1. Hey, what do the phi angles of the range 41-48 turn into as Karplus ³J(HN,Hα) couplings, whole Hz, using 6.51/-1.76/1.60 and θ = phi - 60°, x for Gly and Pro?
2. With runs of 4+ DSSP H residues as the only contributors, calculate the mean residue ellipticity of the chain at 222 nm using -39,500 (n - 2.57) per run, divided by the residue total and rounded to the nearest 500.
3. Which of these values of volume of the Cα convex hull per residue in Å³ was calculated from the structure shown: (i) 146; (ii) 102; (iii) 59?
4. Taking the Cα centre as origin and putting +1 on Lys and Arg beta-carbons and -1 on Asp and Glu beta-carbons, what dipole magnitude results for the chain, to the nearest 20 debye?
Amino acid sequence: MAGKVEEDPNLKGMSKYFNSTTLRGRANTAKATYAGIALIALYFWLKPKKKVEN
């Protein structure tokens, strides 16, 4: 049926959501990568700046 996602019964645990065999798994991997990069950038942007004393 159109739009119905067939899940592989052999995939268990995290590999069910993050794998390279299904389109959904590849999309989730890409989303997680982008989220990780955004979190690292946000950390460096918001961390306190070092004070320079003369």
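Just so it is clear, none of the values below were taken in a lab; they were calculated from the coordinates. Note that the structure is a prediction, hence the values are computed from the model and not measured. Using ideal geometry, Cβ is built from the backbone for each residue, glycine included, and neighbour counts are taken over all protein chains shown.
1. So the J values, rounded to whole Hz, are 4, 5, 4, 5, 6, 9, 5, x.
2. Values: 1 runs with 24 residues, N = 54.
Value at 222 nm, helices only: -15500 deg cm²/dmol.
3. Computed from the coordinates, volume of the Cα convex hull per residue in Å³ corresponds to (ii).
4. On the way: 10 positive and 4 negative charges, 62 e Å.
Rounded to the nearest 20 debye, it is 300 debye.
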